[in-house]
Amino acid sequence: MTWFNLLKMVPSEKVMLAYVLVNRKQTDKMLAEVAALTKEPKELRSLLRTIKGNNPSLEEVIQRYSNTPHADLELDEIKANVVKLEEAINEMMVGLKDLPFKTIQELKIMVDKGIIARDASDDVQVKEILAEIDRRNTFSRQKMSSYRDIRDKLDVLRIKSDQPYLSFEGFPDNSKILQDFAKLLEQEFKNNIILVDYSSINDFILSMTPKTKKTGKGKKMVVTVVDDKPTLDKKTVIQNFYKKNISGKKWAWNDDGNKTDLNDKVAAKKIFVASNTKLSLNGTFTTGSVFKYIKAVDATGGSVAKFKPDKFPNGSNVPQVLLLSKSSVNAMNLNPYAKMLLTNVLTGNWFKKLFENIRMNQMITEEEAEMLVINDIYLSIRAVEGKSKYGISATDLKSIKNSIVNVGTKKESVVKQEIRALFNDSAALQARIYLKTLNLRKEQFLYLKDNFTIKEAKSFEAYYRELVGNDEDDIKLLKIEYFKNGVPVADKVPKLVEGKNVVDEAGATIMETRQNAEKANYAKITIDKETVTPDTAYKEDFTVSSGSKSKRTKEQTAKTIAKLKKVLAKTKKLKSTKKDQEGVEVKLANLERDIKEAEERLTNSTSVDMGAATSRLRNDLLNTSSFQTYVLDMALKLKDEGGLTKLISTSDRSASVYDQISAERSLNFLGFMADHANNDEVGKAFKTIDSDPESDNAKLVVKQLDEAMPNLLTEMTKQIVGAFELKLKDFASNPAQFPDKQVMAAKFQFVEKYNLLKVGE
């Protein structure tokens, strides 16, 4: 048994190699056996690489036999023999007929040579290349799964070139269309099939598409059409005929028993990859391009996972919160705050602008506005001379109506579904409709000028009840009316007393009006017939008349007074230890005022100052036009719950969480984005503020952050746009890495529909 066979059998390979290396006779024998090998000695090469890498060192390997009678070589001689052994292996490998590919790149080069030979109809060379690939390709199935472009090209190369034919379904026997198609192709029509002399599907496709030539590399690569004019004209005729009469029909390529569905998405993708068609960015990728990209991906009809951006241009990973999780994996759901960044220029008082967008969304969402516009279109095309309420052009209305068959006889839901489908098919129409929805949202937002969102109204009601307790006389003074797009929202419901319907003398149920906040998108508030607006709610001199108090209310008020006095006493004791003396004075003044108000209520005062309550209401919800004030108030509010730092470190990607977006969640989003898109300026500032929210330093830090935010937001927007652009470029340069069944659909969306990519440089 030779040392090499023994080496393969012994588990302690390094020990056996050491035994050979320290002895002259054994080393010479090993060199001779290596020269005679017919396959690569992988185990031996691996051992030599570890020794060369000094892991372990040669000294460590041979230590066991270094001082034995078996060792008759010095260390320098052993080192020299190791070099000789490496050279012997290299020489053997050079002359080895079945030399495996060393790298995946070597395999790729050989496959591309095969594609060139296939395109040149050189079947002999194709067979030779495939045979060589089969001999030399030793990469595992797992390894090859990572290189889909190579796999797809190999599939095309392996298509047999015996007499192929095209078969069709859905055409009558001896169809004139098929006969004409065969004539244009200059092929033989027989028994409802077309016999072709193309060597591959790719050759057949090329008969309808211009032949191009690439010169140069990288950015300097130039793609030119090499077909002469007669050939180009002929291909154009074939292509137009195909698009008009064949495209979309069921047909297949048949080759020596193998059948390939020419409408199959996987087959089409493989043909596309094999053609080496170059895709590139079509113009400048902008914020608008992001929304086109999302719509394009959603239209591919499969999981969007591979199309999600994963890297910012700055090299950072894209945080998951940028795209929200939905029940369907086939939709790309952009975070609403990211949408706000992309659709608004947030300069100057940026936070006020952001909050206006938040309030607009609470008034009417983008989806709700779109539904209103679709309903408007539906009513317009149903009418004889219908005009759009929201300004949809007569041309668009006519086009939509002509595209939908039997509008008057179909269900409303079916027609609206077809209208939405028309949007999806036309990027231009989609863009015009989007502008209408945006204008509608802005118009609806005007209703909020002197009114409250539903959320604001409910919060105000809670503060009011906290102030007046359970006294029915005070509660009745508050009136909240709910509206939907300018129209009162109220339901007529039976009047109940002790759970039973109240009836009149005739026995008829008495009905009463009950407000329905669930159907509304804004509210009007009055107290004792005096109108309350978001602005007046901030005023500290706002009062409400008060009647006599119930026993229960008096008891609750007495408890409140006692609690407030304890807090007042504690605050006075701590006053000397606080740095922010001005802030403490304000807190003491508010406490004293709250106590005075409660005592007045207890003694049946005729009026109650709502200043303290509305002040808290302002700080908690409404006063979000000032970033600095809002952040400092939130820091105090969350001080015992981990502060602002915890707020921006907690990620929830559920879409339902963002159904009702808020100023608070905006901080969460901005914190995450700044951590990845910027230099974590938000997180660093919030950490400083959390350490002492009432300090002068906290005020200074939040002021500096407020001033820096417009530039930070600009950079965030740049990084978001750049992330989507990088993913689009990734698809353009390497479509094979994307899901087989989505590539051609994505190509259509990116190139033909949304013009994000173009064919060629």
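Of the set (1) more than 10 Å from the chain's Cα centre (by Cα); (2) surrounded by fewer than 19 Cβ atoms within 10 Å (Cβ to Cβ); (3) within 22 Å of Ser649 (Cα to Cα); (4) in contact (Cβ under 8 Å) with a residue 24 or more places away in the chain, all apply to Phe312 but (2). Give me a count of the residues in region 121-142 that are modelled with pLDDT under 80 and not in a helix (DSSP H, G or I). Adding up the residues that qualify gives 2.
So is Asn697 over 27 Å from the mean Cα position of the chain (by Cα), without any contact (Cβ under 8 Å) to a residue 40 or more places away in the chain and part of a helix (DSSP H, G or I) or not? Taking the combined requirement at face value, the residue satisfies it. Residue count for region 712-734, restricted to those that are part of a helix (DSSP H, G or I) and more than 12 Å from Ala677 (Cα to Cα): 10. Those helices (runs of 4 or more DSSP H) of region 354-439 in which at least 3 residues are at pLDDT below 80, considering only elements entirely within it, cover 366-382.
Can you name the residue in region 144-189 that is among the acidic types (Asp, Glu) and modelled with pLDDT of 75 or more and, of all such residues, is surrounded by the fewest Cβ atoms within 10 Å (Cβ to Cβ)? Only one residue tops the list, namely Glu169.
When we screen Leu73, Leu85 for residues that are in contact with a Lys or Arg (Cβ under 9 Å, 6 or more places away or on another chain), assigned by TED's automatic domain parsing to the domain that holds Leu31, buried (at least 17 other Cβ atoms within 10 Å of the Cβ) and at pLDDT 80 or above, the only hit is Leu73.
Please verify whether Ile115 is within 22 Å of Asp740 (Cβ to Cβ) and out of contact with any strand residue (DSSP E or B) (no Cβ under 6 Å at 6 or more places or on another chain), treating the condition exactly as stated. Considered against the rule, which asks whether it is within 22 Å of Asp740 (Cβ to Cβ) and out of contact with any strand residue (DSSP E or B) (no Cβ under 6 Å at 6 or more places or on another chain), Ile115 comes out as yes.
Looking only at residues in region 164-178 that are part of a strand (DSSP E or B) and of a type in the set (Phe, Trp, Tyr), the one that is farthest from the chain's Cα centre (by Cα) is Tyr165. Can Asp740 be described as within 22 Å of Leu647 (Cα to Cα), surrounded by fewer than 21 Cβ atoms within 10 Å (Cβ to Cβ) and over 18 Å from the mean Cα position of the chain (by Cα)? Spelling it out, it is not the case that Asp740 is within 22 Å of Leu647 (Cα to Cα), surrounded by fewer than 21 Cβ atoms within 10 Å (Cβ to Cβ) and over 18 Å from the mean Cα position of the chain (by Cα). Among all positions in region 318-341, there is no residue which is of a type outside the set (S, T, N, Q), on the phi > 0 side of the Ramachandran plot and either modelled with pLDDT under 80 or not in a helix (DSSP H, G or I) (or both).
Can you name the residue in region 79-120 that is basic (Lys, Arg) and in a loop (DSSP other than H, G, I, E, B) and, of all such residues, is nearest to the chain's Cα centre (by Cα)? Among them, the one singled out is Lys102. For region 379-434, a tally of residues being of a type in the set (Asp, Glu) and over 23 Å from Glu366 (Cβ atoms) returns 1.
Scanning region 705-727 for residues that are in contact with a Phe, Trp or Tyr (Cβ under 6 Å, 6 or more places away or on another chain) and either among the polar types (S, T, N, Q) or more than 16 Å from Asn314 (Cα to Cα) (or both) gives Asp706, Met709, Pro710, Gln719. Of all residues assigned to region 506-527, none qualifies as being within 30 Å of Leu756 (Cα to Cα) and surrounded by fewer than 16 Cβ atoms within 10 Å (Cβ to Cβ). When residues of region 680-734 are filtered for being touching a Lys or Arg at 6+ places or on another chain (Cβ under 9 Å) and of a type in the set (Phe, Trp, Tyr), how many remain? Residues meeting the conditions: 1.
The values are calculated or read from the model by the stated rules, or taken from the named source; none is laboratory data. Computed from a predicted structure; not experimentally measured. Because the Cβ atoms are built from the backbone with ideal geometry, glycine has one as well, and the counts that use them run over all protein chains shown.
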